[in-house]
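Trainee: Have a look at the structure that comes next, please.
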Amino acid sequence: MIHVGIVEDDFRIASIHQHFLESVDGVEVVWQALRAKDTWGMLKKQPADLLLVDVYMPDQSGIDLVRELKIHYPSLDFIIITAATDRELVAQSLAAGAFHYLVKPVELTKLREVIDRYQQRCLFLQESPHVDQEEIDKLFVHAVATRENGTNLPKGIHPLTLQKVLDIVNPLTEGTTAEEVGEKLGASRTTARRYLEYLIAEGKMRAELEYGIIGRPERKYFGL
């Protein structure tokens, strides 16, 4: 059984995560902490194996909390959950020893995937006295990220933004334009088009020309 603590100042989000985690076999949510400082007391009362930690807590950065907890609880694992997509925060989370970094709003299928991976890692470490290099690679986050995001992304294509573009376009059955995607990303139409055309080249999206009454045809993008 994996015991999970949730460090999240929004009780509604914490409750959603708890409700989902309680549906996963082999996982038990043992407590919630609404402030970073409350985490210490909770851990003393009820130890945990894994913490889901928000970055922007009212009293302390979640990443700073993770760094401090790692000193006193070296075997404790963490999943960072935040709305922030800053590359520096991702780097800080990795350096602090986070198992994974999830961007809000968290898709439950993605959370399930990460929890499943964490369970597999725990089971593997408990059962295998010896490992080979391929098995070792599977244990580390950077190896998983390399397989999922690819190491050959061209310059100007970032994996987090790439995923955001997919998340924007895939649900839209009537398609969308580069300008509309750029607005949702908070980026220029040129930047959005670069990601969209890359996804088409990778076979993960398609495009069609839509002819209006006047003017040039418009290129619309569709998920697969």
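Where a number appears in this text, it was derived from the coordinates with a stated rule and is not lab data. As the structure is a prediction and not an experimental result, all values here were calculated from the model. Positions of Cβ are generated from backbone atoms using ideal geometry, with glycine treated the same way; all protein chains shown enter the neighbour counts.
Trainee: Set the Förster distance to 22 Å, then compute FRET efficiency between Ser188 and Tyr211 from the Cβ-Cβ distance, nearest 0.05.
Mentor: 0.30
Trainee: Whose amide H sits under 5 Å from the amide H of Gln60, counting only residues 5 or more places off or on another chain, with H placed in the peptide plane?
Mentor: For Gln60, whose amide H was placed from the backbone, the distant partners under 5 Å are Ala36.
Trainee: Between Asp38 and Leu123, what is the label-to-label distance in nm when each label sits 7 Å out along the Cα-to-Cβ direction?
Mentor: 3.3
Trainee: Principal axes first, then extents: for the Cα atoms of region 163-224, list largest minus smallest coordinate on each axis, whole Å, largest first.
Mentor: That gives 34, 23, 20 Å along the principal axes, largest extent first.
Trainee: Here's another thing I want to ask about it. For the chain, count the residues as N, evaluate 2.2 N^0.38 Å, and divide the Cα radius of gyration by that value, please.
Mentor: Against the compact-globule rule of thumb, the ratio is 1.18.
Trainee: Still on this structure: For the chain, calculate the relative contact order in percent as a whole number, restricting contacts to Cα pairs under 8 Å that are 6 or more residues apart.
Mentor: Relative contact order comes out at 11 percent.
Trainee: Further question on the same structure: Where does the Debye-calculated log10 I(q)/I(0) of region 1-64 sit at q = 0.23, 0.28 Å⁻¹, using only Cα point scatterers of equal weight, no solvent?
Mentor: Here log10 of I(q) over I(0) equals -0.93, -1.25.
Trainee: Which order results if Tyr198, Tyr221 are arranged by neighbouring Cβ count within 10 Å, fewest first? Don't skip to the answer; put the middle values down first.
Mentor: On the way: Tyr198 17, Tyr221 25.
So the ranking, lowest neighbour count to highest, is Tyr198, Tyr221.
Trainee: For region 159-223, what relative contact order do you get, as a whole percent, if you take Cα pairs closer than 8 Å and at least 6 residues apart?
Mentor: The normalised contact order for region 159-223 reaches 36 percent.
Trainee: Continuing with the same structure: Over region 18-103, what per residue volume does the convex hull of the Cα atoms give, in whole Å³?
Mentor: Numbers: hull volume 8.3 nm³, N = 86.
Per-residue hull volume (Cα only) is 97 Å³.
Trainee: Also: Which stretch or stretches of region 1-28 have amide N atoms under 13 Å from the point lying 7 Å from Asp59's Cα along the Cα→Cβ direction?
Mentor: Counting only backbone N, you get 8-9.
Trainee: Going through the cross-link list Lys184/Lys220; Lys70/Lys104; Lys110/Lys164, which pairs have a Cα-Cα distance over 20 Å in this structure?
Mentor: Checking Cα-Cα distances, Lys70/Lys104 exceed 20 Å.
Trainee: OK, next. Taking the beta-carbon count within 10 Å as an exposure proxy, list Glu8, Glu210 from fewest neighbours to most.
Mentor: In increasing order of surrounding Cβ atoms, one gets Glu210, Glu8.
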